[in-house]
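Worksheet: the structure to be examined is printed underneath.
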Amino acid sequence: MKSIKLTLGAALLSGVASTAMAADKEVHFIMCGGEVRAADQAVVDQFEADYEGVKVNLEAVPWGTCQDKSLTLAAAGDPPSIAYMGSRTLRQLAKNDLIVPAEIDPSTPYQPGVLNTVTVEGTAWGYPHAFSTKALYLNCDIIEASGQACEAPATWDAMYDLAKGVVDNTDAAGVGLAGKDFDNTMHQFLNYLYSNGGAVIDSASGENMLDSKETRETLEFYGKLVDVAQDGPTAWERDQLRDLFNDGQIAMYVSGPWGHNQHNEDINQKVVPVPAGPSGTSGSILITDSIVVFKGSGHEDLAQELAKRITSGDSQYDLDSSWGLTPILDYSKLGKEDLYYADGIWPTFTASIATGGPEPLVEDFKSLQSVFTNMVQGIILKDDTVDNLVTIAAEELDDAL
């Protein structure tokens, strides 16, 4: 744990005197990761300089235990002031009265749809802090060896035809499919669902939207891709598909921007949008982690202010660019001229933001994962019809909400 004591007094950024609110208070901040980033430390130093009598205990906790630590402390009645959490936990935290709503400035230039990843029935419960979108990676060496041009398939039909050409003319599979009992099986499916105009949960009303024509079309296509995919998709998750891609065993698969640097240097790869389904346009799942303000610390007002600072300005830009993440803010509106996402692969990953959809927020994420795993595995294994599998999945989602 890293503790820093205040030596300078100042006023709130808003100009309101801070001493009465901040006298002799400690803000406990749990941040995931093994070390404190310099950009975050700079925010903490300035925060302490602005609030007389405040010290910030900025605790960098390893990834595998940081969220559990925050939850354990909160359940024991000794919550951290703020903490880094996966946005998927927000509905559960809010339902159990462990966090307070985020006080997000409506003028903050979030990318389109980002706030939907932290919003439950119209209320935002976290400050988005890390963001990713997905795209389709093509191994042009394999595709060209099959006698086809390595060009972006704009539609599902074109993607299937490209994959079928690979299967018919090479020893590789056309596409990598995730079907393992793991969370990114749901994520992979949602990339296609959101590229077909589909939805899971309405963020404003909380309504279950899964039982739809768009979901049925998506599941039918997922089942069709099995014929041109690697053997036994139910045994594979996304990171293992990367290994197949590197080994030249699949010609394409969906992943995030980090995939580009995880592929072998000798692969002639191309990054293109997820193809559009018959009822939609190219999209992506939008996934965020958040900074949340816990209830019960006694100084939620200070915690809100620190959360706002750590998720804005240079601190947020440093995280996005150094971690290789899809930009969570439109930094062009904040005076940034050296935009890291202006060229290369980035326009592909930013183009799908406006047409993407959020990782669904439910109380029991494991139950949500099972809803999609059961549906996807059902079509992969041909256990039931598309119509029945979607109907059952929608009923199971009702139970998870």
Taking the stretch 206-239 and the residues there that are at pLDDT below 95 and assigned to a helix (DSSP H, G or I), the one that is surrounded by the fewest Cβ atoms within 10 Å (Cβ to Cβ) would be Asp239
Return a yes/no flag: does the stretch 260-269 have any residue that is closer than 22 Å to Ala154 by Cβ and in contact with a Phe, Trp or Tyr (Cβ under 9 Å, 6 or more places away or on another chain). yes
Does Thr350 fit the bill of being within 16 Å of the chain's Cα centre (by Cα), polar (S, T, N, Q) and open to solvent by 30 Å² or more (accessible area, probe 1.4 Å)? yes
Expected single match for at pLDDT 95 or above and under 23 Å from the mean Cα position of the chain (by Cα) among Lys55, Lys69 is Lys69
Taking the conditions exactly as written (β-branched (Val, Ile, Thr), closer than 16 Å to Val292 by Cβ and either modelled with pLDDT under 95 or out of contact with any Lys or Arg (no Cβ under 7 Å at 6 or more places or on another chain) (or both)), does Thr89 satisfy them or not? yes
Residue under evaluation Ala178, criteria (1) in contact with a Ser or Thr (Cβ under 9 Å, 6 or more places away or on another chain); (2) hydrophobic (A, V, I, L, M, F, W, C); (3) closer than 20 Å to Ser284 by Cα; (4) assigned to a helix (DSSP H, G or I), criterion not met: (4)
Give me the pairs: first residue in the stretch 117-135 and over 27 Å from Val274 (Cβ atoms), second residue assigned to a strand (DSSP E or B), beta-carbon distance under 8 Å, and six or more apart or on different chains, which are they? Trp125/Ile99; Trp125/Thr119; Trp125/Ser290; Trp125/Val292; Tyr127/Ser290; Tyr127/Ile291; Tyr127/Val292
Can you name the condition, by its number, that Asp202 falls short on among (1) more than 20 Å from the chain's Cα centre (by Cα); (2) at pLDDT below 95; (3) of a type outside the set (S, T, N, Q)? (1)
Selection from the stretch 74-92 of residues that are out of contact with any Phe, Trp or Tyr (no Cβ under 7 Å at 6 or more places or on another chain), assigned to a helix (DSSP H, G or I) and touching a residue at least 60 places away in the same chain (Cβ under 8 Å): Ser87, Thr89, Arg91, Gln92
Which one of these does Asp50 not meet: (1) out of contact with any strand residue (DSSP E or B) (no Cβ under 8 Å at 6 or more places or on another chain); (2) of a type outside the set (Phe, Trp, Tyr); (3) on the phi > 0 side of the Ramachandran plot? (3)
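The values are calculated or read from the model by the stated rules, or taken from the named source; none is laboratory data. From a predicted model like this one, the values you see are computed outputs, not experimental measurements. Here the Cβ is made from the backbone with ideal geometry for all residues, glycine too, and neighbour counts use every protein chain on show. Protein only, heavy atoms only, side chains kept; ligands, DNA and RNA dropped before computing areas. Shrake-Rupley method; radii C 1.70, N 1.55, O 1.52, S 1.80 Å.
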